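Nothing in this text is a laboratory measurement; each read-out follows from the coordinates by a stated rule. This is a predicted model, so every value here is computed, not measured. Positions of Cβ are generated from backbone atoms using ideal geometry, with glycine treated the same way; all protein chains shown enter the neighbour counts.
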Amino acid sequence: MKTLTRIVLAAAAVIALAAPAVAQNSKTYKVSSIPKNAAELKALSIYNLKDPFCTAALTVIAFAAYESTPDGCYEMLDVLNGPTDWSAYDKSFCKNQFSQYPYVARSYFAGATVANNYKPTVPYTVTVSDNPNSRMGGDDFITLYIRSAGADNPRAVSFRKKPSTGEWFVTGYNGLLAGIRKPAADDPWY
């Protein structure tokens, strides 16, 4: 069942990306610092897993911790992943992507640009949007989008609602860690 669910969500994300649509709703979240572990994540004033937009913002915030505390990042992602285990594959994928693009998580915050080497402004601000294709998987599934300063189109992240708690958990995050343009300091053509 887990595999079928992931396939349905992946198909919905591919369809949504194939036909980009204009955002319908957007929500912006701000934090003054990047948490280092799950306890700090849960202590954030914005923490609310009953809002999928907030869970999306928290996912970016958790990924932003990877540069300084990979284990803390994984701990936070365990919380955001809900009842599904954060697998060895997921950890390996993250490690591989961050080794190639250590700046990718910072690219989602306001103020980060290629020219300033993805240095975001503080407070760290992330905006999450939906579009008409966001609910193609049904009421308990949603794909949301976050704009990266290093990509031409917003990146998709998918969630599933746990009906017994009303909380939304990450089911598809790979798009957030996909490659982006090199920061100016690393680009000999800049």
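Taking only the alpha-carbon positions of segment 26-129 and ignoring solvent, what does the Debye formula give for the base-10 log of I(q)/I(0) at q = 0.14 Å⁻¹?
Values, matching the q order: -0.51.
Grab the beta carbon distance between Ser87 and Asp139, set R0 = 30 Å, and tell me the FRET efficiency rounded to 0.05. Mind showing how you got there, number by number?
On the way: r = 27 Å, r/R0 = 0.88.
E(calc), rounded to 0.05, equals 0.70.
Considering the chain as a Gaussian network with a 10 Å cut-off on Cα pairs, which listed residue, Ala65, Ala115, Ala105, attains the greatest mean-square fluctuation?
Of Ala65, Ala115, Ala105, the Gaussian network model singles out Ala115 as fluctuating most.
Can you give the calculated 222 nm mean residue ellipticity of the chain, where each DSSP H run of n ≥ 4 adds -39,500 (n - 2.57) and the sum is split over every residue, rounded to the nearest 500 deg cm²/dmol? Provide the component values of the computation, followed by the final result.
Details: 5 runs with 61 residues, N = 190.
It comes out at -10000 deg cm²/dmol, rounded to the nearest 500.
Please list 51-62, 90-101, 66-77, 141-152 highest first by mean number of surrounding beta-carbon atoms within 10 Å per residue. Write down the numbers at each step before the final one.
On the way: 51-62: 25.2, 90-101: 14.6, 66-77: 18.9, 141-152: 21.5.
Final packing ranking: 51-62, 141-152, 66-77, 90-101.
Normalised by the number of residues in segment 2-186, what is the relative contact order in percent for Cα pairs under 8 Å and 6+ residues apart? Each step should come with its number before you reach the end.
Working: 329 pairs, mean separation 49.7, N = 185.
Relative contact order, segment 2-186: 27 percent.
Restricted to Cα positions, what overall size does segment 69-190 have along the principal axes? Three whole-Å values, descending.
51, 34, 25
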